[in-house]
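Trainee: Dropping the structure in here first, questions after.
What follows draws every value from the coordinates through simple rules; no lab data is involved. Quick caveat, the model's predicted, so the values are computed rather than measured. All Cβ positions, glycine included, derive from the backbone under ideal geometry; neighbour counts span all protein chains shown.
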Amino acid sequence: MKKASILLFVLLLGVVINGFSQTTTPAPTKDFFVGKWEITIFGTPNGDSKMVTVLVRKDGKLTGELKDAADATKPAIPITSIDEKDGEIEIAFSASGYDVTLPLKKENDDNLKGQLMGMFDAKAVRIKDK
């Protein structure tokens, strides 16, 4: 009986140790929206508009600024806020004296799609460093 108890204890201890060794720490998730993006807004009154932004995470929030892709001498437009949801962001900024929002939805790993103010189609493409 004593041998059976010891055998049962060793077997149970082995199961417990094996169970704890199965737990793994989850891999860190990639911060999808962080990085350099070229945003094109199609059909505005001034024609298609291309902007470049570098989104960075500061204190847990996305932030950045928009720069004119065609004219580097123009001042950057500060992004006032970015709201994040699963696979979606909404970028808020001021343009020509108006507060506007640009919601963008993930299409794949390198492309976003949306509409500026619900009127103008927009597309963002990730710019990869060479």
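Trainee: Assign one of three labels to segment 90-130, namely rounded, prolate or oblate, based on the Cα gyration tensor with a ≥ b ≥ c the square roots of its eigenvalues; rounded applies when a/c is under 1.5, prolate when it is not and a/b is larger than b/c, and oblate otherwise.
Mentor: Taking the square roots of the gyration eigenvalues as a ≥ b ≥ c, segment 90-130 is prolate.
Trainee: Now for a separate question. What distance in nm separates the two pseudo spin-label positions at THR44 and SER96, each 7 Å out from Cα along the beta-carbon direction?
Mentor: Those two pseudo-labels are separated by 0.8 nm.
Trainee: Suppose the chain between LYS58 and PHE32 were pulled fully straight at 0.36 nm per residue; how much longer would it get relative to their current alpha carbon spacing? Present the calculation step by step, with values, prior to reporting the outcome.
Mentor: Numbers: separation 26, 0.36 × 26 = 9.36 nm, distance 1.46 nm.
That pair, LYS58 and PHE32, stretches by 7.9 nm at full extension.
Trainee: Check the straight Cα-Cα distances from LYS128 and name the lysines below 16 Å, setting aside those fewer than 8 residues away within the same chain.
Mentor: LYS30, LYS36
Trainee: What is the sum of charges around PRO103, taking Lys and Arg as +1, Asp and Glu as -1, for the other residues whose C-beta is under 9 Å from the C-beta of PRO103?
Mentor: Local net charge: -2.
Trainee: Enumerate the aspartates and glutamates that LYS85 could reach by cross-link, defined here as Cα to Cα under 15 Å, with residues fewer than 8 away along the same chain left out.
Mentor: Hits, sequence-local ones excluded: ASP31, GLU107.
Trainee: Which log10 I(q)/I(0) values does segment 70-114 give at q = 0.29, 0.34 Å⁻¹ under the Debye formula, counting every alpha carbon as one identical point scatterer?
Mentor: Per q value, in the given order, log10 I(q)/I(0) is -1.00, -1.11.
Trainee: Continuing with this model, one more query. Express in whole angstrom the spacing between the alpha-carbon centres of segment 35-55 and segment 69-123.
Mentor: The two parts, judged by their Cα centres, are 8 Å apart.
Trainee: Another question about this same structure. Across all directions of projection, what mean area in square nanometres is found for the Cα convex hull of segment 30-103? Walk me through the numbers before you get to the answer.
Mentor: Values: hull surface 21.6 nm².
Across all orientations, segment 30-103 yields a mean hull projection of 5.4 nm².
Trainee: ³J(HN,Hα) across segment 31-42 via Karplus (A = 6.51, B = -1.76, C = 1.60, θ = phi - 60°), whole Hz, x for Gly/Pro?
Mentor: Values, residue by residue: 7, 4, 7, 5, x, 9, 10, 9, 9, 10, 10, 9 Hz.
Trainee: Another one. What distance in nm separates the simple spin-label points at THR80 and ASP121, each placed 7 Å from Cα in the Cβ direction?
Mentor: 2.8
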